[in-house]
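Take a look at the structure set out below.
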Amino acid sequence: MQRTFWLGLSLAILVPPGVCADLDDETTRNRALARELFVAISAADVARLDELYADDIELWTAGSLPFSGSRNKTQALEGMRMIDSMFPNGITFTILSMTAEGDRVAIEATSEGIHVSGEPYRNQYHFLMVVRDGKIVHFKEYMDTLLAQEVLLRPPKEAEALGAPTSP
């Protein structure tokens, strides 16, 4: 049985059987991939991230912070190691909602952890993930960059105790 999709007042397209199921399967797989990604990020599992990222991934972070802008796979994996070093007890990401269509997944999430400075870090995010052949090819990160600057760029507690400046 063909399904009919109405596009506007007088234009319709007929979709052959199975096509919608294929799209639903792709969407389901991509949503599962997003969940796997955030489990790996929360665990600082660089080996798993290496498997999930396409060789030509572009990871982009909003803002004008030292870690903002575009990163390739090698840089993205090194960035995960840097984040792991900033949170000795880990940082946990929680997915609040996801919207998926085709090769794109939009994710609202929060993070929580204690930074090496001793400051709690809780941020809110919007991510856009694009998938090709079961791998992440684009990953865009939007967050509260002022909060990131205030906490993530602080020196560790030990440096503060020795009189190091606390602002970037």
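What follows draws every value from the coordinates through simple rules; no lab data is involved. Note that the structure is predicted; figures quoted are calculated from it, not measured. Glycine also receives a Cβ, built like all others from the backbone with ideal geometry; neighbour counts cover every protein chain displayed.
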Assigned to a strand (DSSP E or B), in contact with a strand residue (DSSP E or B) (Cβ under 8 Å, 6 or more places away or on another chain), more than 22 Å from PRO66 (Cβ to Cβ) and basic (Lys, Arg) - does that describe any residue in segment 110-125?
no
Considering only residues that are crowded, with 17+ Cβ neighbours inside 10 Å and of a type in the set (A, V, I, L, M), look in segment 108-122 and name the one that is farthest from LEU37 (Cα to Cα).
VAL116
If I filter segment 126-154 down to residues being assigned to a loop (DSSP other than H, G, I, E, B) and surrounded by 16 or more Cβ atoms within 10 Å (Cβ to Cβ), which single residue comes out as nearest to the chain's Cα centre (by Cα)?
LEU153
